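Please read the structure below before turning to the comments.
The values are calculated or read from the model by the stated rules, or taken from the named source; none is laboratory data. Just so it is clear, the model here is predicted, and its values are computed rather than measured. For neighbour counting, all protein chains shown are included, and Cβ atoms are generated from backbone atoms with ideal geometry for every residue, glycine included.
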Amino acid sequence: MYKIVKKQELTTNIYLMEVEAKRVAKSCEPGQFVIVRMDEEGERIPLTICDYNREKGTITIVFQTVGAGTKMMADLQEGDYFHDFVGPLGCASELVNEDMDSLKAKKILFVAGGVGAAPVYPQVKWLHEHGVAADVIVGSKTKDLLILEKEMEAVAGNLYVTTDDGSYGRSGMVTQTIKDLVAEGKQYDVCIAIGPMIMMKFVCLLTKELGIPTVVSLNPIMVDGTGMCGACRVTVGGKVKFACVDGPEFDGHQVNFDEAMRRQSIYKTAEGRAMLELEEGDTHHGNCGVCH
Amino acid sequence: MDVLNKVPVREQDAKERAKNFEEVCLGYNLEEAQCEAGRCINCKNAQCVKGCPVAIDIPGFIQQVKEGNIEEAYRIISESSALPAVCGRVCPQESQCEGKCIRGIKGDPISIGKLERFVADWARESNIKPQGATEKKGKKVAVIGSGPAGLTCAGDLAKMGYDVTIFEALHEAGGVLVYGIPEFRLPKKTVVAKEIENVKALGVKIETNVVIGKSTTIDELMEEEGFSAVFIGSGAGLPKFMGIPGENSNGVFSANEYLTRNNLMKSFDKNSNTPIMHGKKVAVVGGGNVAMDAARTALRLGAEVHIVYRRSEEELPARVEEVHHAKEEGIIFDLLTNPIEILADEKGWVTGMKCIKMELGEPDESGRRRPVEVAGSEFVMELDTVIMSLGTSPNPLISSTTEGLEVNKWKCIVADENNGKTTKEGVYAGGDAVTGAATVILAMGAGKAAAKGIDEYLSK
């Protein structure tokens with residue numbers, strides 16, 4: 001059993017939990033994920049690691065309530081336990097294994113969309129701790145839905161917040177901010193984009209045009225998370241990969257996003273489809289085409 | 001009593017069971033078991049024992065059944081097998097113990113599997129537990145994976161007095177016994193969970209949610225956690241796909257995914273939070289036991305189900321009993337048929353599968369006649385679900401994180417089949433991680449051999 005030592009509602013429907021999981025905290029690296037189950041009947045829910053504390057033996061996760069499983073999870077309180085909490089799964093972010101000198105010479109841009117700010121955070125923090133200041137764009141639908149702004153500010157070189165409705169920070173999609181920054185004369189050697197599939201798709205279309213190599217972190221449907229079921233298969237550069245063991249990070253310019261988005265909807269109920277529509281907004285329609 | 005014919009075993013009616021997940025085979029009662037045991041001629045040089053990968057004293061336990069000493073029969077089986085209720089259900093007895101039975105030369109062989117099952121079920125219902133070790137060795141052994149190989153190895157080592165901990169990647173112990181083999185062949189709560197409890201009763205500890213190679217490594221287990229030896233029984237691995245167009249369409253699943261959702265996550269149960277696709281017309285591609293399990297599961301979820309296999313019935317790798325049960329339940333066999341493309345609608349959902357007819361040519365390296373395409377015989381099967389059951393390739397999680405652990409060209413761990421010894425000192429391996437996908441009992445045999453190998457190593 002894995003104790004919840006801290007719970008915080010970051011904003012409507014987005015929760016942060018710090019959970020005791022000693023083995024995971026000892027060995028995890030930025031970019032990896034865990035699978036949690038809240039009780040004996042619970043679904044296995046994959047979540048990217050948002051932060052970790054090796055001394056305390058804890059892992060921080062952030063999740064949005066999108067279905068029955070995450071809604072029930074949101075009812076758990078400090079002092080309650082997760083029935084299962086396994087990880088770290090997947091490969092660590094490439095940054096972690098890169099030569100420090102070459103990493104320090106790089107200009108790195110992170111692009112986070114919505115709850116994607118959570119998995120971006122440990123990477124920016126890791127770089128910060130290793131003396132690398134990265135630029136970070138955080139996009140959110142509205143001011144109210146923005147998460148981890150302060151935390152991100154503390155570790156980012158420059159932080160650019162943008163809201164779709166212009167209610168806070170810059171106005172418009174993250175892609176607009178990328179365009180603006182480049183127009184302002186900023187140059188980037190690498191971009192790491194994490195957020196809704198549709199955001200990653202459009203970021204990749206743009207960065208390809210701009211010639212910025214881009215890494216994305218995919219969160220497809222999965223069951224075991226160790227390579228056994230193959231539910232998470234994605235096509236990258238024309239080859240089939242398992243996101244759980246080969247990823248979750250991939251070269252964004254090689255990912256077949258249309259297929260990946262389609263596959264995400266396999267088990268969507270009417271409720272789930274509505275949520276997906278809400279999450280992906282107007283950009284959703286006419287792209288994956290499976291919801292209606 | 002008719003000595004040439006076995007006592008038939010009671011089964012759930014095919015029409016009835018096609019709609020539920022209750023166990024198909026109902027097993028013998030005491031009277032039937034004693035009657036069947038009475039047919040055993042108690043050979044001096046018993047061939048059946050030679051056919052058993054864990055060398056159970058088969059005539060020995062059958063004599064006890066004949067005399068009604070079921071507890072003693074259980075004790076005899078337990079000396080060699082940690083999972084008799086499982087083996088009695090899923091072992092391919094026809095090619096092992098029963099395949100060698102002298103009675104089988106004229107007439108039916110003794111139903112050894114059904115007798116083993118009867119004894120194990122009786123012991124469970126009578127709450128009889130196997131005996132643990134009386135003396136402790138004071139040494140720790142780690143076992144990776146709680147499937148048949150791991151449970152057997154752990155059980156044997158615990159009986160010798162070792163302090164054993166099993167590390168399981170999933171949230172529940174049992175490996176393929178819980179995620180792979182369906183409820184209707186192997187009940188989880190009443191049979192598998194109880195056999196695992198028996199292994200725990202021997203003193204074995206099981207830590208779930210630990211992925212070796214990720215949560216921790218073999219080197220860390222040995223250097224930091226004080227384990228003197230490690231057994232790797234991590235199982236088969238990653239599902240294979242055909243590599244044909246359309247295979248990533250919505251509605252194409254690996255048999256592993258389909259079965260894991262249904263068995264481990266219980267998605268057949270309305271109360272389960274894990275979904276499964278309820279197809280109307282399903283094709284299962286492949287002809288092994290896993291294909292039969294996936295097909296019979298889809299049938300029970302309400303689908304019309306076709307097995308699509310590129311060779312003929314004779315070459316089906318599945319057990320005869322499984323094929324027979326599948327046919328009885330109404331599974332349609334499309335043999336000598338090979339998929340070449342999966343068709344999907346504009347939204348990416350499966351609508352059909354383009355196949356080509358095959359005929360058998362000359363034998364290939366496996367000795368089976370090679371299937372060859374019949375030119376111009378392409379046709380389309382209309383479907384909404386395709387389940388690929390084509391076998392697995394080894395999971396690199398452990399081999400890639402353990403220095404000095406050699407793998408062969410198929411990426412299976414290299415281990416001595418007599419004692420499980422790998423190329424890394426103190427590390428042993430067995431089961432599907434070594435052989436590639438095989439059977440429960442072969443994995444158990446390997447677990448047993450490795451337990452002996454580990455004991456010899458630690459006794460030096």
Self-check item: Residue within the range A:184-195 that is in a helix (DSSP H, G or I), among the hydrophobic types (A, V, I, L, M, F, W, C) and surrounded by 15 or more Cβ atoms within 10 Å (Cβ to Cβ) present
Solution: no
Quiz item: Does A:K22 fit the bill of being of a type outside the set (A, V, I, L, M), more than 9 Å from every other protein chain (Cβ to nearest Cβ) and within 14 Å of B:N209 (Cα to Cα)?
Solution: yes
Practice problem: Sort out which residues of the range B:180-220 are farther than 30 Å from B:S126 by Cβ and more than 11 Å from chain A (Cβ to nearest Cβ), and write them in order of number. | Solution: B:I218, B:D219
Exercise. Would you list the strands (runs of 3 or more DSSP E) that sit entirely within the range A:218-264 and hold 1 or more residues that are at the interface with chain B (Cβ under 8 Å from one of its Cβ atoms)?
Key: A:233-236, A:239-242
Quiz item: Does B:K411 satisfy the criteria of being under 28 Å from B:R89 (Cα atoms) and basic (K, R)?
Solution: no
Practice problem: Quick one: A:T269 ticks every box in (1) under 24 Å from B:K214 (Cα atoms); (2) at pLDDT below 90 except a single one, so which number is it? | Solution: (1)
Exercise. Any chance you could count how many residues in the range A:153-203 are touching a helix residue (DSSP H, G or I) at 6+ places or on another chain (Cβ under 6 Å), closer than 20 Å to A:F63 by Cα and hydrophobic (A, V, I, L, M, F, W, C)?
Key: 4
Quiz item: Before we move on, is A:Q176 surrounded by fewer than 22 Cβ atoms within 10 Å (Cβ to Cβ), within 26 Å of B:P396 (Cβ to Cβ) and either touching a Cys at 6+ places or on another chain (Cβ under 7 Å) or away from chain B (no Cβ under 14 Å) (or both)?
Solution: no
Quiz item: Given the conditions (1) modelled with pLDDT under 95; (2) in a helix (DSSP H, G or I), and given that B:M222 satisfies all but one, which numbered condition is not satisfied?
Solution: (1)
Quiz prompt | Number of the condition not met by B:N263 [criteria: (1) surrounded by 24 or more Cβ atoms within 10 Å (Cβ to Cβ); (2) without any contact (Cβ under 8 Å) to a residue 24 or more places away in the chain; (3) farther than 24 Å from B:G352 by Cα] | solution = (2)
Self-check item: Residue check, A:G131 more than 18 Å from the chain's Cα centre (by Cα) and either in a helix (DSSP H, G or I) or without any contact (Cβ under 8 Å) to a residue 40 or more places away in the chain (or both)
Solution: yes
Quiz item: Do you know which residues across the range B:446-460 are within 25 Å of B:E116 (Cβ to Cβ) and surrounded by fewer than 24 Cβ atoms within 10 Å (Cβ to Cβ)?
Solution: B:K448, B:K452
Quiz item: Can B:T297 be described as surrounded by fewer than 19 Cβ atoms within 10 Å (Cβ to Cβ) and of a type in the set (S, T, Y)?
Solution: no
Quiz item: Are any of the residues in the range B:149-164 more than 24 Å from B:K114 (Cα to Cα) and of a type in the set (S, T, N, Q)?
Solution: no
Quiz item: How many residues does the range A:41-63 contain that are in contact (Cβ under 8 Å) with a residue 60 or more places away in the chain, part of a strand (DSSP E or B) and either within 14 Å of chain B (Cβ to nearest Cβ) or more than 17 Å from A:E29 (Cβ to Cβ) (or both)?
Solution: 4
Quiz item: Quick one: what pairs do we get from the range B:147-172, first residue free of Cβ contacts under 8 Å to residues at least 40 places away in the same chain, second among the hydrophobic types (A, V, I, L, M, F, W, C) and assigned to a loop (DSSP other than H, G, I, E, B), C-beta under 6 Å, 6+ apart or different chains?
Solution: B:G161/B:A133
Quiz prompt | helices (runs of 4 or more DSSP H) completely within the range B:234-348 that count 2 or more residues being more than 9 Å from every other protein chain (Cβ to nearest Cβ), in contact with an Asp or Glu (Cβ under 8 Å, 6 or more places away or on another chain) and over 30 Å from B:A429 (Cα atoms) | solution = B:289-300, B:320-329
Practice problem: Kindly indicate whether any position in the range B:67-82 is in contact with a Pro (Cβ under 7 Å, 6 or more places away or on another chain) and surrounded by 18 or more Cβ atoms within 10 Å (Cβ to Cβ). | Solution: yes
Practice problem: Quick one: which residue in B:G330, B:G237, B:G348 is in contact (Cβ under 8 Å) with a residue 40 or more places away in the chain, under 22 Å from the mean Cα position of the chain (by Cα) and on the phi > 0 side of the Ramachandran plot? | Solution: B:G237
Quiz prompt | Complete set of residues in the range B:63-74 that are in contact (Cβ under 8 Å) with a residue 24 or more places away in the chain and part of a helix (DSSP H, G or I) | solution = B:Q63, B:V65, B:K66, B:I70, B:E71, B:A73, B:Y74
Quiz prompt | Residues that are surrounded by fewer than 21 Cβ atoms within 10 Å (Cβ to Cβ) and modelled with pLDDT under 95, drawn from the range A:246-255 | solution = A:D246
Quiz prompt | Residues within the range A:83-111 that are among the aliphatic types (A, V, I, L, M), modelled with pLDDT under 95 and within 18 Å of A:T60 (Cα to Cα), tallied | solution = 1
Quiz prompt | Leading residue by the ranking (farthest from the other protein chains (Cβ to nearest Cβ)) among those in the range B:380-400 that are over 15 Å from B:G237 (Cβ atoms) and either out of contact with any His (no Cβ under 9 Å at 6 or more places or on another chain) or in a loop (DSSP other than H, G, I, E, B) (or both) | solution = B:V380
Practice problem: Could you grab the pairs with beta carbons closer than 9 Å, sequence gap of 6+ or different chains, first residue in the range B:120-131 and on the phi < 0 side of the Ramachandran plot, second one basic (K, R) and in a loop (DSSP other than H, G, I, E, B)? | Solution: B:A123/B:K129
Quiz prompt | Residue that is nearest to B:L336 (Cα to Cα) [pool: residues in the range B:243-281 that are of a type in the set (A, V, I, L, M) and within 23 Å of the chain's Cα centre (by Cα)] | solution = B:A255
Quiz item: If you go through the range B:166-203 one residue at a time, how many are in a helix (DSSP H, G or I) and at positive phi?
Solution: 0
Exercise. Considering only residues that are in a loop (DSSP other than H, G, I, E, B) and among the hydrophobic types (A, V, I, L, M, F, W, C), look in the range A:149-173 and name the one that is surrounded by the fewest Cβ atoms within 10 Å (Cβ to Cβ).
Key: A:M173
Practice problem: Could you list all residues from the range B:221-233 that are away from every other protein chain (no Cβ under 12 Å) and crowded, with 16+ Cβ neighbours inside 10 Å? | Solution: B:M222, B:F227, B:S228, B:A229, B:V230, B:F231, B:I232, B:G233
Quiz item: Which of the following residues is touching a helix residue (DSSP H, G or I) at 6+ places or on another chain (Cβ under 8 Å), closer than 23 Å to B:A437 by Cβ and of a type in the set (S, T, N, Q): B:S234, B:S215?
Solution: B:S234
Practice problem: Working carefully through the options B:E16, B:E79, B:E22, find the one that is within 24 Å of the chain's Cα centre (by Cα), in a helix (DSSP H, G or I), modelled with pLDDT under 95 and on the phi < 0 side of the Ramachandran plot. | Solution: B:E79
